[in-house]
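Here is the structure we will look at.
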Amino acid sequence: MRVNLILSAFAIFSFPLSAVLVSVDPDSFSAGTDISTAFSYVTLSSGGGASGLDGKVYAAGSSQASTGDNVFANSRISPTLWLNKDVDGYFLRIDFVTPTHYVSIDLISDNGFDYPSVWFYTTAGNLIKRNYLSPLGVSQVYHAVIERETADIAYIRAGGLDMTGSTVLLDNLKFEVPEPATCLILLSSLLILKNRKKQALSSVKIGISRRIC
């Protein structure tokens, strides 16, 4: 246990993990495809309990997409629109397999005078930040970004601002994950130190047994 703590502290303060920027975009799929679990390191879902919502996320075509031709969509009658509201809302929820320190997503006004809204949470469900902006013009894009010193963003939810009833389109999600190679090196080092500790303890036990005999 002590070896694990020492190694973790050494890794954190002496060798910061490099990260890889991951792009999650519905453009790689045909319209109507369920993309809830189609990407590595992240799970997409629709929340808020609005009528017609099935909890899944789909790819849908839109001329207002900020990249390519598709945006994130839900199962409602107007599937490309999102409202960040707790009751009767239809917000996009994005859960990261590994908490991250950097997230960005595009919010697009569908008909003008729409307020974008993104909320960021920790693993424990504590709100880190609410990201708002002034109203957008028709098809205007707000590139929401949050970057923190520690990787504590476990999930986010996005949509139009609930207090104004604004609805927006969502597209072009990006976030950072630790570089796999770096993680494997740290894991290997941990296992090596753990094995050495076991060997050292075994040697001590053998020495004591010989003295007793």
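The values are calculated or read from the model by the stated rules, or taken from the named source; none is laboratory data. Not measured: the values here are computed from a predicted model. Here the Cβ is made from the backbone with ideal geometry for all residues, glycine too, and neighbour counts use every protein chain on show.
I'd like to know if segment 105-121 contains one or more residues that are in the same structural domain as residue 34 (by TED's automatic domain parsing), closer than 24 Å to residue 178 by Cβ and in contact (Cβ under 8 Å) with a residue 60 or more places away in the chain.
There is at least one residue in segment 105-121 that is in the same structural domain as residue 34 (by TED's automatic domain parsing), closer than 24 Å to residue 178 by Cβ and in contact (Cβ under 8 Å) with a residue 60 or more places away in the chain.
So which residues in segment 165-188 are on the phi < 0 side of the Ramachandran plot and modelled with pLDDT of 85 or more, if there are any at all?
Residues satisfying the conditions are 166, 167, 168, 169, 170, 171, 173, 174, 175, 176, 177.
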